[in-house]
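Have a look at the structure below, then the notes.
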Amino acid sequence: MINAAQLIYTNVEKEQSPQNIGGYQTLFYTREVLNEDEVELIEQRLLYYPAFDNPVKKVFFSLETGKVALAQIVALPGVDSRGRKGRYLAHALIFAENEFIKQQAEPISVLNHFRFFRTVEEALAQGAFATGHIAPVNVEVGQRPNTTAAKQWDTFGLEWLALYALKAESLAKERNALAFIGSPAEVAQALEVALLTVPSALRTQCSFDSFFYKCNFVATYFWAVGLVEKPANGRFIQIDVTGREFLENVTLSAKTAFERWTVSMLRTEHLDDIVQNKELAFSLCAWLEQKLSVLAPPESVPEDILTSVFKVNPDPLKKRVYDSLAQTLPPILVDKLLNDFNYLEASSARYAELRHGFAIEPLLELLFPALTNPNAKKPQQPIITALDKVLKQAKHRELEMLLSGWTGKVDVLRTSLNQLTEAEYRAFVTRLLRCEVLPPLSLLVPGRGSVFVNSYLENRTVPSAFIVDLVNALLNNGEAEAVTPLAPLLAGLTSRQRQTLQKKVAAYEKGVIPQAFTAALEIALKPNTGGSMLTGIKSLFGLSRKKR
């Protein structure tokens with residue numbers, strides 16, 4: 001229910017006028033709400049020329065003073081005192097625009113259900129003749145629009161009507177308008193169809209005059225006008241409402257998030273869902289595009305609406321996700337994270353995160369794999385600096401180990417590695433050996449030599465120079481048994497590399513280094529005689545081809 005001011009405009013005899021003058025005039029208006037300038041603006045839009053069986057005329061428009069007006073105009077029977085026909089009576093309801101929007105008032109529904117005055121006598125009975133004042137009235141605005149007529153239009157027709165209605169502001173700037181051509185009853189019905197998909201925040205831009213016969217479009221602009229015949233001039237987009245078709249090519253496309261949602265829903269035959277959910281969807285779309293809106297973003301949204309809106313708006317959604325993530329993490333880390341982030345998720349939990357911010361801990365869980373993807377390399381210094389800042393606010397073991405390695409704190413890194421269980425160590429090392437974010441030997445710690453070697457051999461091609469360094473490191477750590485898997489690779493070493501290993505091995509007592517490794521090294525040290533060295537080493541490990 002909304003409180004509305006009233007205005008009665010008609011042609012009366014002198015005796016029926018509070019101003020004691022005859023002719024067309026505002027008989028009564030709600031004086032504590034409307035001023036004289038507003039009354040004059042309203043009068044300009046209440047023109048009516050009886051014709052074609054004198055249809056009821058319905059008008060909707062906004063005032064620059066923050067008010068909206070709905071009016072019904074009816075022809076009056078008989079003649080005036082001079083024998084002239086063509087008298088009419090206009091009864092207008094004037095609302096505060098913000099309240100009209102807040103209450104989600106549907107102009108067509110109000111026009112169809114409110115009991116407007118149809119005679120001068122009714123108006124005289126309600127107005128204060130001595131002052132020209134008429135009291136405001138409470139208007140029921142909760143009626144849901146009827147979608148029955150819309151089902152007679154094809155999908156393209158509905159889509160174009162919807163887009164032209166949603167783009168009413170743009171049409172007004174171009175001084176262009178829709179001309180609904182047909183009988184007054186068909187025009188009224190088509191107007192109702194056109195406004196079905198329009199949310200309350202945009203509805204006041206869709207001004208209309210259902211019977212624009214002989215009216216001046218230049219002087220009184222409307223988004224849509226009803227005409228019985230094709231217009232001779234004027235910038236009109238013509239629609240045959242009898243045949244329910246546009247009379248010219250339509251090149252419209254959806255530009256906003258809400259327009260894309262509306263078109264998608266219409267194409268999948270979900271008109272009733274649009275009518276039911278358009279206010280919520282519009283608010284969600286306005287928030288998604290970070291537009292100022294007269295409606296606050298909804299605190300909660302059903303997941304089916306989230307899904308339908310997010311699905312057709314991936315780009316604004318991605319930007320919204322990015323901006324929300326950047327409230328928790330530095331943008332340079334968000335850039336690393338976003339490629340692997342499921343930004344299309346349409347859950348209630350995700351919507352809450354987008355509105356109120358992400359918790360940092362789950363993001364760090366995603367950041368670690370993002371920084372250690374296969375073939376990843378050590379990042380640039382700005383990323384390392386940003387990570388250092390974040391880890392001073394929140395803990396993450398694996399990222400802290402990465403940071404230690406990147407900042408040259410190898411001892412700190414190895415201390416942390418020693419605190420891992422064998423399974424945790426294997427998982428961490430395996431992941432890092434699949435990329436190049438840290439030097440491999442920085443991951444080697446005493447007691448885990450065999451795990452490291454096996455993981456390395458499974459995930460990397462071993463350079464010959466690295467074999468020497470790895471053997472040295474393993475022996476220095478007292479893990480001679482871990483060198484055995486490297487024995488088959490000794491044949492690929494250069495002569496100098498083999499000699500370096502020989503000197504290292506010679507420094508150990510016999511039996512300390514596994515016999516399989518020392519035997520392979522001895523074979524590798526022998527002069528190469530046409531592949532016999534490689535064959536010999538392979539035979540030590542059962543790798544030579546069996547004779548047939």
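The values are calculated or read from the model by the stated rules, or taken from the named source; none is laboratory data. Bear in mind that the values here come from a model prediction, so they are computed numbers and not experimental data. Ideal geometry is used to build each Cβ from the backbone, glycine not excepted, and the neighbour counts take in all protein chains shown.
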Which numbered condition trips up residue 96, out of (1) touching a helix residue (DSSP H, G or I) at 6+ places or on another chain (Cβ under 7 Å); (2) within 18 Å of residue 30 (Cα to Cα)?
(1)
Which condition does residue 229 not pass, out of (1) out of contact with any Gly (no Cβ under 7 Å at 6 or more places or on another chain); (2) under 23 Å from residue 51 (Cα atoms); (3) of a type in the set (Asp, Glu); (4) surrounded by 16 or more Cβ atoms within 10 Å (Cβ to Cβ), if it passes all the others?
(4)
Tell me, please, whether a residue that is under 20 Å from residue 212 (Cβ atoms) and either touching a helix residue (DSSP H, G or I) at 6+ places or on another chain (Cβ under 6 Å) or part of a helix (DSSP H, G or I) (or both) can be found in segment 11-31.
no
Subset of segment 97-148 (residues that are surrounded by 17 or more Cβ atoms within 10 Å (Cβ to Cβ) and small (Gly, Ala, Ser))
105, 109, 123, 127, 132
On the basis of being in contact with a strand residue (DSSP E or B) (Cβ under 7 Å, 6 or more places away or on another chain), farther than 23 Å from residue 271 by Cα and modelled with pLDDT of 95 or more, does residue 171 make the cut?
no
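So which residues in segment 40-56 are β-branched (Val, Ile, Thr) and either part of a loop (DSSP other than H, G, I, E, B) or more than 22 Å from residue 218 (Cβ to Cβ) (or both), if there are any at all? Full working, then the answer.
The initial filter retains those residues of segment 40-56 that are β-branched (Val, Ile, Thr), namely 42, 56.
Hit for segment 40-56 is 56, nothing else.
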Which of the residues belonging to segment 426-451 are without any contact (Cβ under 8 Å) to a residue 60 or more places away in the chain, more than 15 Å from residue 405 (Cα to Cα) and in a loop (DSSP other than H, G, I, E, B)?
446, 447, 448
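Please state which one of 450, 416, 348 is in the same structural domain as residue 318 (by TED's automatic domain parsing) and over 18 Å from residue 331 (Cα atoms). Please lay out each step first, then the result.
Values: 450 fails: in the same structural domain as residue 318 (by TED's automatic domain parsing); 416 fails: in the same structural domain as residue 318 (by TED's automatic domain parsing).
Criteria check complete, one pass: 348.
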What number of residues in segment 317-352 are over 27 Å from residue 304 (Cβ atoms) and not in a helix (DSSP H, G or I)?
6
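Determine, yes or no, whether residue 403 is touching an Asp or Glu at 6+ places or on another chain (Cβ under 7 Å), surrounded by 14 or more Cβ atoms within 10 Å (Cβ to Cβ) and either over 22 Å from residue 336 (Cα atoms) or not charged (D, E, K, R) (or both). Full working, then the answer.
Details: touching an Asp or Glu at 6+ places or on another chain (Cβ under 7 Å): yes; surrounded by 14 or more Cβ atoms within 10 Å (Cβ to Cβ): yes; either over 22 Å from residue 336 (Cα atoms) or not charged (D, E, K, R) (or both): yes.
Criteria met by residue 403.
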Quick check on my filter: what residues within segment 106-158 are without any contact (Cβ under 8 Å) to a residue 60 or more places away in the chain, touching a strand residue (DSSP E or B) at 6+ places or on another chain (Cβ under 9 Å) and acidic (Asp, Glu)?
122
Name every residue in segment 8-38 that is hydrophobic (A, V, I, L, M, F, W, C) and either surrounded by 18 or more Cβ atoms within 10 Å (Cβ to Cβ) or outside the structural domain of residue 90 (by TED's automatic domain parsing) (or both), in order of residue number.
8, 12, 27, 28, 34
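Going by the conditions given, is residue 471 aliphatic (A, V, I, L, M), outside the structural domain of residue 375 (by TED's automatic domain parsing) and in contact (Cβ under 8 Å) with a residue 24 or more places away in the chain?
Values: aliphatic (A, V, I, L, M): yes; outside the structural domain of residue 375 (by TED's automatic domain parsing): yes; in contact (Cβ under 8 Å) with a residue 24 or more places away in the chain: yes.
Against the criterion (aliphatic (A, V, I, L, M), outside the structural domain of residue 375 (by TED's automatic domain parsing) and in contact (Cβ under 8 Å) with a residue 24 or more places away in the chain), residue 471 qualifies.
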Criterion violated by residue 272 - all others in (1) in contact (Cβ under 8 Å) with a residue 24 or more places away in the chain; (2) under 31 Å from the mean Cα position of the chain (by Cα); (3) assigned to a loop (DSSP other than H, G, I, E, B) satisfied:
(3)
Could you tell me whether segment 377-396 includes any residue that is exposed (fewer than 14 other Cβ atoms within 10 Å of the Cβ), at negative phi, in contact with a strand residue (DSSP E or B) (Cβ under 7 Å, 6 or more places away or on another chain) and not aliphatic (A, V, I, L, M)?
yes
Pull up segment 70-87, narrow it to residues that are touching an Asp or Glu at 6+ places or on another chain (Cβ under 8 Å) and at pLDDT below 75, then point me to the one that is surrounded by the most Cβ atoms within 10 Å (Cβ to Cβ).
80
